[in-house]
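Undergrad: Take a look at the following structure, please.
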Amino acid sequence: MKILVTGGTGYIGSHVAVELINQGHTIEIVDNLSNSQIEVLDKIEQITSTRPVFHEVDLLDQLALDHIFDNTSFDLVIHFAGLKAVAESIEQPLRYYDNNVTSTINLLESMQSHSVKNIIFSSSATVYGDQGVDQCVETMPTGIKLTNPYGKTKYMIEEILKDLAISNPEFSIISLRYFNPIGNHTSGLLGENPNGIPNNLMPYIMKVATGELPELNIFGNDYDTEDGTCLRDYIHVVDLAKGHLAAIDGLKPGFTAYNLGTGRPTSVLEMVHAFEKVSGKPLPHKFAPRRPGDLPKLYANPKKAEQELKWHANLTIEDAIKDTLTFISNK
Ligand code: NAD
Ligand code: UFG
């Protein structure tokens, strides 16, 4: 297939790009490099011996986007591009709504006017919001008590995609609701490398492991969980990437959502101990107050993807930690 990958130089997009190329697909990447580096293309080439065509274009630029579609006839778009920092979205809501929602509408306009009718969208478990349940299943309603603009953009985009599918039955749309992606390609060439102080657990742990930050703050140890720290569903990014290959095979008319998670909850403290075990070194950490907005427990029911897409996560958090250590040692 000829596939346009938006946000393809980013963390998840670059891993999916590798899997797509390895499966024989021809891909082009569009990214404005607002949160990724051009050198990622070299790494993709190193791993796959193929350099994807790259367009440095902002999806807010409809003319430039149309130009990409004018020149190539795509079978499918996989749409990763977007801003994703929860706290930043609370400070800059307009930027988030514009960058995530407006740019998706632009993309869909370009697709529609060029008769491209297949799209896979990077959604998030955050669309479930706070429903007082631990394990999320696709039959649950979405958009319940969403606490930040980032999460709302994912919810709004899903609603737009549903309406588009109703208006035009030729559209085949899959929304993949990711849980917590961690790890990187086993080569250690690709990975997540945020600037500044990371918000997410694994990037923060990485900076503590390299000595760039002194210690990990564990946000809350008084939750109603076995060790008092929050439970999440950490999925190896390579498993997540393979979920996209399965989704390609599962495309069908209409809008369909799938959870991509392992179904296995891990606590923050368990993650810290696993990191210490795999690395063989202590990871300095201390308990800190709860982080506002955190849910105590959030993990996937992954059965729908298992049954309909014939996909399930194979890798463990230990695999992810091992690959993370390779990535750190390559930096
Ligand atoms: P990332 O920031 O590494 O990648 C996103 C890419 O999109 C970046 O390369 C960035 O430069 C690009 N981009 C952003 N806005 C753009 C625009 N207007 N035009 C062109 N390019 C633009 O993030 P990621 O972790 O790879 O996430 C990919 C997608 O998955 C995002 O939509 C994110 O919301 C979603 N997601 C991520 C997680 C996670 O924990 N990483 C969880 C759930 C969902
Ligand atoms: N945590 C710490 N210390 C840190 C960072 C995180 O204790 O320095 C804890 C958090 O309190 C939470 C867990 O580690 O209990 C995971 O936190 P992350 O920030 O890594 O991930 P979240 O589950 O909060 O959020 C992620 C994505 C969001 C997405 C959400 C739901 O970052 O984009 O999953 O899918 F919306």
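Undergrad: Under a GNM of the chain (C-alpha, springs under 10 Å), which listed residue has the highest mean-square fluctuation: THR225, THR26, THR102?
TA: Among THR225, THR26, THR102, the largest mean-square fluctuation in the Gaussian network model of the chain belongs to THR225.
Undergrad: Would you mind computing, in nm to one decimal, how far apart the modelled labels at GLU88 and SER113 are, each placed 7 Å from Cα along Cα→Cβ?
TA: Label at GLU88, label at SER113, 2.9 nm between them.
Undergrad: Take every DSSP beta bridge whose two residues both sit in the chain, then give the antiparallel share in percent to the nearest 5.
TA: 5
Undergrad: Which of VAL30, VAL237, VAL278 moves most in a GNM of the chain, Cα contacts under 10 Å?
TA: VAL278
Undergrad: Across segment 115-120, in residue order, what do the Karplus-derived ³J(HN,Hα) couplings come to in whole Hz, using 6.51 cos²θ - 1.76 cosθ + 1.60 with θ = phi - 60° and x for Gly and Pro?
TA: 6, 9, 10, 10, 9, 10
Undergrad: Then there is this: Taking θ as phi - 60°, what are the ³J(HN,Hα) couplings along segment 28-33 by the Karplus curve (6.51, -1.76, 1.60), each to the nearest whole Hz, with x for Gly and Pro?
TA: 10, 10, 10, 7, 8, 6
Undergrad: At 1.4 Å probe size, with the rest of the protein present, what percent of the exposed accessible area of segment 25-161 is carbon and sulfur atoms?
TA: The computed percentage sits at 49.
Undergrad: Additional query: Nearest 0.05, what FRET efficiency do LEU63 and GLU39 give at R0 = 22 Å with Cβ-Cβ as r?
TA: Calculated transfer efficiency: 0.20.
Undergrad: Can you work out ³J(HN,Hα) from phi for every residue in segment 283-296, in order, using Karplus 6.51 cos²θ - 1.76 cosθ + 1.60 and θ = phi - 60°, giving whole Hz and x for Gly and Pro?
TA: Computed from phi, the couplings for segment 283-296 are 10, x, 8, 9, 7, 10, x, 4, 8, x, x, 6, 8, x Hz.
Undergrad: Same structure again: Compute the distance from the alpha-carbon center of segment 167-222 to that of segment 254-331, in whole Å.
TA: 9
Undergrad: Take the alpha carbon gyration tensor of segment 218-331, find the square roots of its eigenvalues, order them as a ≥ b ≥ c, and report rounded if a/c is under 1.5; if not, report prolate when a/b exceeds b/c, else oblate.
TA: oblate
Undergrad: For a Förster distance of 35 Å, can you work out the FRET efficiency between the beta-carbons of GLN23 and ASN193, rounded to the nearest 0.05?
TA: 0.85
Undergrad: Based on alpha-carbon atoms only, what is the radius of gyration of the chain relative to the globular estimate 2.2 N^0.38 Å?
TA: Ratio of Cα Rg to 2.2 N^0.38 Å: 0.96.
Undergrad: Pick from GLY82, GLY188, GLY132 the residue whose mean-square fluctuation is largest in a GNM of the chain, springs joining Cα atoms under 10 Å.
TA: GLY132
Undergrad: Still on this structure, I have one more. How much net charge surrounds HIS285 when only other residues with a Cβ under 11 Å from its Cβ are counted (Lys, Arg +1; Asp, Glu -1)?
TA: Computed value for this residue: -1.
Undergrad: Efficiency by 1/(1 + (r/R0)^6): what FRET value for LYS2 and ILE144, r their Cβ-Cβ distance, R0 = 41 Å, to the nearest 0.05?
TA: For R0 = 41 Å, the calculated efficiency reads 0.60.
Undergrad: Could I ask something else about it? Which of the trypsin sites (Lys or Arg not before Pro) found in segment 288-321 are in a DSSP loop and have at most 11 neighbouring Cβ atoms, other than their own, within 10 Å?
TA: Qualifying residues, ordered by number: LYS310.
The values are calculated or read from the model by the stated rules, or taken from the named source; none is laboratory data. Since this is a predicted model, take the numbers as computed values, not measurements. Note that we place each Cβ from the backbone using ideal geometry, even for glycine, and neighbour counts take in every protein chain shown. Just the protein is used for accessible areas: all its heavy atoms, side chains included, with ligands, DNA and RNA removed. Shrake-Rupley method; radii C 1.70, N 1.55, O 1.52, S 1.80 Å.
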